[in-house]
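Step one of this worksheet: look at the structure below.
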Amino acid sequence: MADRRSSSISSRKQPQQARSSELVAAILVAAVQVLTKEGAQRFTTARVAERAGVSVGSLYQYFPNKAAILFRLQSDEWRQTTTLLRDILEDAKRPPLDRLRTLVHAFVRSECEEAAVRVALGDAAPLYRDAPEAREARGAGERIVQAFMRAALPKASDAVRAMAGDLIATTLSTVGKDFSESPRTQAEIETYADAMADMFCAYLRSLGRR
């Protein structure tokens, strides 16, 4: 069942030439615009093709259905999040709590900048929630957080580090999503991120002293 679902949401083929890559890029840009304006419920391949200025047949060369387009957008978002985690949390030249503070600010800003698309993709999640790529993305993020926790809490037990990592990741994701659902000024974003980072850093310091 999982394999059939995965194949139905995978891209039909990968672009091999610059012109094909440009076509796929135009389709994805149009998809974001349609998703932001219409939401997941009114998202259709016809609307995406019209916005991109291409025929539906051209779109179907690369994406067999709307689920495949949405899955590609979600996959790109997963990769961006994983890269964000890796670039910040694996920077061993900086103290762990500095890395955590930087991550919180970057994550909250990202949530606010892409709130409309993230909400719409969340509505479409049942289409690809159980896909292998989804599990792989979650696993990659968890491994990065676990490695960071070993650096941040070197004397803590594995159980404590796992609990701390899960609590921070879950809180950051849930609270960040809730905060981003209303329009925010840059000053509000910075103040909120600072407060959340202070909370996380104080929590890790308390665990480190036990």
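The values are calculated or read from the model by the stated rules, or taken from the named source; none is laboratory data. It should be emphasised that the depicted structure is a prediction, and the values quoted were computed from it without experimental measurement. Glycine also receives a Cβ, built like all others from the backbone with ideal geometry; neighbour counts cover every protein chain displayed. Ligands, DNA and RNA are excluded from the accessible area calculation, which covers all protein heavy atoms including side chains. Shrake-Rupley method; radii C 1.70, N 1.55, O 1.52, S 1.80 Å.
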Practice task
Could you point to the residue in Thr45, Ala152, Gln186 farthest towards the positive end of the chain's charge dipole, with +1 and -1 charges on the Cβ of Lys/Arg and Asp/Glu respectively?
Solution key: Ala152
Problem - Qualifying GluC sites (Glu not before Pro) for region 129-210 [loop in DSSP, other Cβ within 10 Å: at most 16] - result: Glu181
Handout entry: Between helix 96-113 and the chain: long-axis angle, C-alpha atoms, 0 to 90°, nearest 10
Key = 30 degrees
Completion exercise
If unit charges are put on Cβ atoms (+1 for Lys and Arg, -1 for Asp and Glu) and the dipole of region 82-139 is taken about its Cα centre, the option from Ala115, Leu85, Tyr128 lying farthest towards the positive end turns out to be Leu85
Exercise for the section: Name the shape class, rounded, prolate or oblate, that the alpha-carbon gyration tensor gives for region 146-210, where a ≥ b ≥ c are the square roots of its eigenvalues, rounded holds for a/c under 1.5, and otherwise prolate holds if a/b is larger than b/c and oblate otherwise. Expected result: prolate
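With charges set only on the Cβ (+1 for Lys and Arg, -1 for Asp and Glu), what does the dipole of the chain come to about its Cα centre, in debye to the nearest 20? Present the calculation step by step, with values, prior to reporting the outcome.
Values: 31 positive and 26 negative charges, 104 e Å.
The dipole of the chain has a size of about 500 debye.
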Problem - Burial ranking of peptide ranges 153-164, 95-106 (average Cβ count within 10 Å, highest at the top) - result: 95-106, 153-164
Handout entry: Angle between the chain longest axis and helix 158-180 axis [Cα atoms, degrees, rounded to 10]
Key = 50 degrees
Exercise for the section: Give the accessible surface of the chain per residue, rounded to a whole number of Å², with probe radius 1.4 Å and ligands, DNA and RNA excluded. Expected result: 56 Å²
Exercise for the section: Return the Cα extents of region 51-210 along principal axes one, two and three, sorted largest first, each rounded to a whole Å. Expected result: 62, 36, 28
Handout entry: Highest to lowest packing among 24-36, 78-90, scored as the average C-beta count within 10 Å
Key = 24-36, 78-90
Completion exercise
Excluding near-sequence neighbours (fewer than 8 apart on one chain), the chain holds lysine pairs with C-alpha atoms under 22 Å apart numbering 4
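Only Lys, Arg, Asp and Glu count, each charged at its Cβ (+1, +1, -1, -1), so figure out the dipole size of region 71-161 about its Cα centre, rounded to 20 debye.
So the dipole magnitude of region 71-161 works out to roughly 440 debye.
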